[in-house]
1. Rounded to whole Å and sorted largest first, what semi-axes of the equivalent ellipsoid does the C-alpha gyration tensor of region 12-105 yield via the square root of 5 times each eigenvalue?
2. Using a cut-off of 14 Å between alpha-carbon atoms, which aspartates and glutamates can reach Lys264, once sequence neighbours fewer than 8 places away in the same chain are excluded?
3. Where both partners of a DSSP beta bridge lie in the chain, what percent of those bridges are antiparallel, to the nearest 5?
4. Take a quick pass over region 107-220 and tell me how many lysine pairs come in under 27 angstrom between Cα atoms, counting only ones 8 or more apart or on separate chains.
5. Counting alpha carbon pairs within less than 8 Å and at least 6 residues apart, what relative contact order, in whole percent, applies to region 12-105?
6. I'd like the trypsin sites (Lys or Arg not before Pro) in region 177-230 restricted to DSSP loop residues with at most 13 other Cβ atoms within 10 Å, sorted by number.
7. To the nearest 500 deg cm²/dmol, what mean residue ellipticity at 222 nm is calculated for the chain from DSSP H runs of n ≥ 4 alone, each contributing -39,500 (n - 2.57), summed and divided by the residues?
8. For Lys99, give me every one of the lysines with a C-alpha distance below 18 angstrom, ignoring sequence neighbours fewer than eight places off in its own chain.
Amino acid sequence: MLRTHTCGELNAKDAGKEVILCGWVARRRDHGKLIFIDIRDRDGFTQVVFIPKEAPDAHKLAQELRSEFVIKLTGIVNARPQNSLNSKIATGEVEILAKKLEILNPSLTPPFEIEDNSELTEEMRLKYRYLDLRRQKPLNNLILRSELYKVIRAYLSENKFTECETPILTKSTPEGARDYLVPSRLCPGQFYALPQSPQLFKQILMVSGIEKYYQIAKCFRDEDLRADRQPEFTQLDIEMSFVDEEDIFALSEGLIKAIMLKLKGIDIPTPFKRISYAQAMEKYNSDKPDLRKETNTDFAFCWVVDFPLFKFNKEENRWESEHHPFTAPSVDDPKELETDPEKVLSRSYDLVLNGNELGSGSIRIHRHELQETIFKIIGINKEEAQKRFGFLLEAFQFGAPPHAGVAFGLDRLLAVLAGETSIREVITFPKNSAGTCPLTEAPTNVEEKQLIELGLTLKKGGNKK
């Protein structure tokens with residue numbers, strides 16, 4: 001290791017020790033003969049003083065230091081006098097008397113101050129995201145994300161879940177937002193799609209006998225953006241066999257309870273309140289009710305249940321699924337489904353937190369006859385169903401067990417936990433509101449050679465900046 005300690009761990013008990021610190025110059029203050037700097041790493045800050053008579057070479061080199069230089073220094077820990085203690089930082093009881101200094105890498109003058117209170121445009125922050133992430137608040141959001149993943153994996157492992165990965169390059173099965181399409185060089189004229197969710201694969205895993213599956217999954221949807229949407233986002237995907245709604249509720253509430261206790265120190269009460277879709281619309285005029293005023297802290301969870309199975313699309317003059325077409329209806333009789341689809345409820349459920357949809361799931365259809373009936377009602381004939389979902393329908397004929405699942409939007413959950421209003425604040429390298437990446441400038445043009453290899457041509461005016 002290049003260092004003996006981080007910049008956030010030294011205190012008065014370390015007085016007299018010789019230490020080596022590495023990090024970035026956060027501030028430099030020249031007081032005549034004395035030069036002070038604050039050195040920063042991900043753990044915090046430590047004050048360093050350079051005194052000419054104590055270390056003339058180090059003092060001379062310190063005159064070259066500027067903000068964001070990367071340095072390595074050796075020095076002695078000194079306890080600060082009582083009148084110069086700094087209670088704002090963890091290392092405020094001490095300072096380092098520098099003995100040796102090495103500049104590991106100089107830095108250009110940053111386009112903005114690396115301070116949490118800097119007033120910056122989002123575009124500037126995302127263009128220089130590597131500098132933005134040196135600020136404590138964005139860094140803390142990423143650390144929070146890491147801690148959340150640890151809690152999730154520990155809880156689901158204790159409950160005997162198997163973490164499985166599902167394909168990113170898959171088949172286009174549009175039933176919600178637009179798919180992102182990826183052309184295939186080896187199969188000219190054909191395309192992969194990036195998954196909007198692992199829905200079909202996790203159901204197939206239930207047919208496979210996995211029984212308890214989860215995945216922290218990347219999902220992709222080509223839709224208009226807003227504060228709680230990104231073209232790529234992360235969800236916790238869960239599926240279980242031989243369960244009903246009560247099993248899903250119990251597992252989910254236990255997970256949320258563990259998350260809130262370990263990350264926020266809050267012991268939230270369970271079970272969560274349950275509200276029917278009809279009640280939510282009548283009382284709150286929303287299927288995502290905010291119950292904070294009724295429950296009095298800051299985190300009000302509730303389940304919204306008994307959604308309609310279908311909604312009518314007036315523009316296309318047809319029924320479509322309220323959630324997705326793999327959701328089980330509250331009735332099993334195909335005749336009842338087809339006779340009056342408007343009145344049929346679904347066995348679906350949404351978990352709502354402070355007026356935000358945090359998660360959604362349902363009891364799934366596991367018999368191919370019922371699945372084909374649902375497809376028929378929403379205007380997907382047998383030929384089209386076979387073309388889009390034939391692999392799933394075939395799997396259902398090989399002993400598919402009853403199963404159910406739920407998926408939680410981790411970006412939304414993290415935004416609430418971090419007190420942020422936009423999920424972009426808790427994503428490492430987010431896209432901006434226009435769906436582009438200011439850092440890499442993606443999406444970008446590609447070379448003509450690449451298009452030719454893929455068998456693609458662009459219309460006149462395409463592939464231009």
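1. Details: eigenvalues 69, 45, 32 Å².
The answer is 19, 15, 13 Å, longest axis first.
2. The qualifying aspartates and glutamates are Glu147, Asp298.
3. Values: 76 of 84 bridges.
The answer is about 90 percent antiparallel.
4. For region 107-220, the number of qualifying lysine pairs is 16.
5. Working: 209 pairs, mean separation 31.8, N = 94.
Relative contact order here is 34 percent.
6. Numbers: sites: Arg178, Arg185, Lys202, Lys212, Lys218, Arg221, Arg226, Arg229; in loops: Arg185, Arg221, Arg226, Arg229.
Filter output for region 177-230: Arg185, Arg226.
7. Details: 13 runs with 126 residues, N = 465.
Result for the chain: -8000 deg cm²/dmol, rounded to the nearest 500.
8. Those lysines meeting the cut-off are Lys17, Lys33, Lys53, Lys60, Lys72.
No value in this document is a laboratory result; all are computed from the given coordinates. These numbers were taken from a predicted model, which means no experiment stands behind them. Methodologically, a virtual Cβ is constructed for each residue, glycine included, from the backbone with ideal geometry; neighbour enumeration extends over all protein chains shown.
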